[in-house]
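Q: Encoded as structure tokens, here's the structure I'll be asking about.
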Amino acid sequence: MSKPFLIFQLRPEDEAADDEFAAFLRKGALDSSQVRRIRLDQMPMPNDLNLQDYAGVIVGGGPGCVSDDPNTKPKIEARIEADILSLMPEISDNDTPFLGCCYGIGILGKHLHSDVSKRAYGEPVSAADCTVTETGRLDPILAKIPEKFSAFVGHKEALQELPDGCEHLISAPTCPFQMVRYKSNVYATQFHPEADADGFSTRINIYKHRGYFPPEDADALIAMCHAADVYAPEVILRNFVQRYAV
């Protein structure tokens, strides 16, 4: 691999960030020499960043919401959002390989002036029942993905409509826009393609006071994660890496 993948992380909690990063490496069949990790909670966007130096961009999840009131949004979350959004014109104009995970679908939607809000389609911590659309069956990133599968979700906001220029790849009854593609190479998922039961259990414990669920439900949600049959989403991450590795 001559170019590394660029991984942006947004989580301010070390345990959550480190666990997510390890999951990206493990599920994407990557090692640390094949990526550049940037934790935007710890540093601003580098001024000298050249996206052409990278095979693709992966954006992880985080506790922020792009639809939160900018007047009350924590300063760190506002700065992270602005930093990621600053890259989106170049990514969308050049059709740069991009995979936005959970928070990333909100970023893509906001960049494309679509409705991202808490009006509908928020999903509690759960394993969503996902279905690949007819268009999705033709997409190379979804190769070897079953038509129906489960994926871990937990989010307060969601796309309320399909953004202009996007293809709808995966749906679910609880939140219709689970995966979309803009142009040919810009992807975003509402679910977490890197998450497994252990990783999601870690996040449940870390974020149990962030309003995603009543804190007293944490143990039951962890048990749900370990009982769920979630195996397909990681193939999407691996397919993305394999397709764009150069």
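The values are calculated or read from the model by the stated rules, or taken from the named source; none is laboratory data. These figures come from a predicted structure and were not determined experimentally. Cβ sites come from the backbone with ideal geometry, for glycine too, and all protein chains shown count toward neighbours.
Q: Taking interchain pairs and intrachain pairs at least six residues apart, which have beta carbon atoms under 9 angstrom, with the first residue in region 53-70 and farther than 19 Å from Arg37 by Cα and the second hydroxyl-bearing (Ser, Thr, Tyr) and crowded, with 20+ Cβ neighbours inside 10 Å?
A: Listed by first residue and then by second, the contacts come to Gly64/Tyr103; Cys65/Tyr103; Val66/Tyr103.
So that you can scan it fast, the table gives a plain yes or no per residue for (1) of a type in the set (Ser, Thr, Tyr); (2) touching a residue at least 60 places away in the same chain (Cβ under 8 Å); (3) over 20 Å from Glu20 (Cβ atoms):
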site	(1), (2), (3)
Ile76	no, yes, no
Met88	no, no, yes
Ile105	no, yes, no
Asp115	no, no, yes
Lys118	no, no, yes
Ser126	yes, yes, no
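Q: I want to confirm something. Restricting to region 27-52 and keeping residues that are touching a residue at least 24 places away in the same chain (Cβ under 8 Å) and of a type in the set (D, E, K, R), which single residue is farthest from Gln242 (Cα to Cα)?
A: If we take residues in region 27-52 being touching a residue at least 24 places away in the same chain (Cβ under 8 Å) and of a type in the set (D, E, K, R), then Asp41 is farthest from Gln242 (Cα to Cα).
Q: Residue under question is Ala188, and the condition is that it be among the small types (Gly, Ala, Ser), over 22 Å from Pro63 (Cβ atoms) and modelled with pLDDT of 95 or more; does it hold?
A: Values: among the small types (Gly, Ala, Ser): yes; over 22 Å from Pro63 (Cβ atoms): no; modelled with pLDDT of 95 or more: yes.
Taking the combined requirement at face value, the residue does not satisfy it.
Q: Which of the residues belonging to region 63-100 are assigned to a helix (DSSP H, G or I), surrounded by fewer than 16 Cβ atoms within 10 Å (Cβ to Cβ) and among the hydroxyl-bearing types (Ser, Thr, Tyr)?
A: Correct list: Ser86 only.
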